[in-house]
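What follows is a short report on a single structure.
The values are calculated or read from the model by the stated rules, or taken from the named source; none is laboratory data. Keep in mind the model is a prediction, meaning the values are calculated, not measured. Virtual Cβ from ideal backbone geometry, glycine too; neighbours counted across all protein chains shown.
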């Protein structure tokens, strides 16, 4: 039987293995976790609310939107008014939850 520590180590090892991700004519080597995040970001950009919630949750957990951080990864001042409203709606969904969506 596996201990919790063994499972955590195994998950860390699996998620840090690398994959080649192709985007158009460009290819990059990223971690498996990075590849999953890229796939979720692509789904989010196509309008999938659940995928957008995952991407935003990760951004929030990493402090990407925290203005108190020394190096803020995302400058909200660069968003247009309609982009900012959309971003605020997505952040609000993180706190209230996103209804289940049927996958096509």
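Determine, yes or no, whether residue 33 is in contact with a strand residue (DSSP E or B) (Cβ under 9 Å, 6 or more places away or on another chain), at pLDDT 85 or above and part of a helix (DSSP H, G or I). When the stated conditions are applied, residue 33 does not pass them.
When restricted to residues that are modelled with pLDDT under 90, assigned to a strand (DSSP E or B) and exposed (fewer than 10 other Cβ atoms within 10 Å of the Cβ), the range 1-25 contains 2. Of the residues making up the range 33-42, at least one is more than 27 Å from residue 84 (Cα to Cα) and surrounded by 10 or more Cβ atoms within 10 Å (Cβ to Cβ). Does residue 58 qualify as being under 17 Å from residue 44 (Cα atoms) and modelled with pLDDT of 70 or more? Yes, satisfied. Counting only residues that are assigned to a loop (DSSP other than H, G, I, E, B) and modelled with pLDDT of 75 or more, the range 65-97 holds 1 of them.
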